[in-house]
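The values are calculated or read from the model by the stated rules, or taken from the named source; none is laboratory data. Keep in mind the model is a prediction, meaning the values are calculated, not measured. Ideal geometry is used to build each Cβ from the backbone, glycine not excepted, and the neighbour counts take in all protein chains shown. Heavy atoms of the whole protein, side chains included, go into the accessibility calculation; ligands, DNA and RNA do not. Shrake-Rupley method; radii C 1.70, N 1.55, O 1.52, S 1.80 Å.
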Amino acid sequence: MTSFDFPPVALPEPARRLREEVRDFLAAERRRGTIMGRADSWFTGWDAGFSRRLAERGWIGMTLPKRYGGHERGALERYVVIEELLAAGAPVGAHWISDRQAGPSILRNGTERQKTRFLPEMAAGRCFFSIGMSEEHAGSDLASVRTRGERVPGGWRLTGTKKWTGGAHVNDYAIVLARTDEAAGDRHAGLSQFIVDLRAPGVRIEPIKLLSGEHTFNYFHLDGVELGEDALLGAEGDGWRQVTGELAWERSGPERFLSTLPLLVAAVRKLAGTTVTGEQQARIGRLVARLHALRQLSLGVAMALQAGQSPDVRAAVVKDLGTRFEGELVNEVRAILPAVPDPAATPGSYPELLAFALMHSPAYTLRGGTNEILRGIIARGGENRS
Ligand SMILES: Cc1cc2nc3c(=O)[nH]c(=O)nc-3n(C[C@H](O)[C@H](O)[C@H](O)COP(=O)(O)OP(=O)(O)OC[C@H]3O[C@@H](n4cnc5c(N)ncnc54)[C@H](O)[C@@H]3O)c2cc1C
């Protein structure tokens, strides 16, 4: 198979049944009033109670082994669950990073003690992780991180500042990428990952407010944080390989094209029962057709992951197309159903949902690796193919 093949995927019967179960669960949650139907719910919808109820249904840590609290289900079943949650705008932000990448990374790289300590808690929706990768001058160029990990008697000391650390003020732990060997010749060598308790002495969290005024991001200062030996995740010096593996999970999911779908759903609901023009119908049709195509491509990536492949180039294609679609959808919906965006309007009303999606728009093509960086990956994938 080449870097650009996306074979058609048909969802298996158990996945179809599962979709109905998830829809029933979401209908009950709507009646509880926990679902606002906002865009970007995986990034800003932090609700520990919702995460725990989801975990009780077995929908967190779905692909983890049963001996670590998981459910040993397939990647496509997990896909069905998360696409339903995203399409509904459900508040999945608390457990999102644990479920998507911290859990799989600990399973792949962690010690037996780390696996038994963290994975069952994650799968129970009781342990939430942040990503401690980016810094002031180390975003796209992640290998230039300056946070230092020094060996000290009994463990490690971490010093530095991470930036854009989502959820660090509410989550429990972060996986931090740090330089542990300044002398390593290759800049990708000498990096290591650590599991850091976000309430440990020496950790200082400083908010960075979003355009909307929400507190989601942070500076995450590590002022000489002392860690035991067992905080090291994986092998010392192997951080680059590990972090690259994590980025594959981070970039490949349906949250890279579904973040703003709840806004389209809200607009269509508002139009229902009114006289809809041919122009409005055609524009909605075009959006839905693009959505369908993106979903097929994204399912191809999920399938490849399930088959044990590393579909980095295919994931970059979907993320580039998908994140641009997320922003374009907001502008298109605004043109189809004009309204004055109003962040102060009734929560869940169309003007409020529109304002929320608009104010989050700058983030869609940046987070998890910018589109320029993804296109570099795609171009190199194309070269490798010939
Ligand atoms: C909503 C959101 C959530 C985030 N959450 C987290 C988080 O939880 N944890 C975390 O660690 N990080 C997080 N990030 C950080 C994110 O990974 C970085 O913002 C991203 O990788 C870009 O890095 P940068 O901001 O330093 O921009 P830079 O790397 O400085 O890039 C600036 C511009 O230059 C372009 N550019 C840079 N290098 C090249 C190149 N080689 N070729 C072509 N163009 C280039 C970029 O595409 C971009 O347009 C988050 C970011 C956002 C927006």
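Computed values, structure above
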{"quantity": "Distance cut-off 29 Å, percentage of C-alpha pairs in the chain lying past it", "calculated": "43"}
{"quantity": "Over 28 Å between alpha carbons, listed pairs LYS162/LYS319; LYS66/LYS319; LYS66/LYS209; LYS209/LYS319", "calculated": "LYS66/LYS319; LYS66/LYS209"}
{"quantity": "Degrees separating the helix 312-336 axis from the principal Cα axis of the chain, which is the longest one", "calculated": "40"}
{"quantity": "Phi-based couplings in Hz for region 275-286 (Karplus 6.51, -1.76, 1.60; Gly and Pro marked x)", "calculated": "7, 9, 6, x, 4, 4, 4, 5, 5, 5, x, 5"}
{"quantity": "Separation in nanometres of the label points that stand 7 Å from Cα toward Cβ, at ARG57 and ARG286", "calculated": "3.5"}
{"quantity": "Longest exposed-site-free window of the chain, the sites being GluC sites (Glu not before Pro) in a DSSP loop that have at most 13 other C-beta atoms within 10 Å", "calculated": "183-386"}
{"quantity": "Mean separation of Cα contacts under 8 Å, 6 or more apart, over the residue count of region 131-238: relative contact order %", "calculated": "30"}
{"quantity": "Cα gyration tensor shape for region 131-238, rounded if a/c is under 1.5, else prolate or oblate", "calculated": "oblate"}
{"quantity": "Heavy-atom accessible area per residue - region 228-386, 1.4 Å, Å²", "calculated": "44"}
{"quantity": "Additional length obtainable on full extension of the chain from SER212 to ARG108, 0.36 nm per residue less Cα span", "calculated": "33.7 nm"}
{"quantity": "The chain: most fluctuating residue of LEU247, LEU177, LEU54 per GNM, C-alpha cutoff 10 Å", "calculated": "LEU247"}
{"quantity": "Size of electric dipole in the chain: Cβ of Lys, Arg +1 and of Asp, Glu -1, about Cα centre, debye, nearest 20", "calculated": "780"}
{"quantity": "Cα centroid of region 122-140 to Cα centroid of region 38-115, whole Å", "calculated": "14"}
{"quantity": "Extension gain, GLN309 back to THR116 (0.36 nm per residue minus Cα-Cα distance, nm)", "calculated": "66.8 nm"}
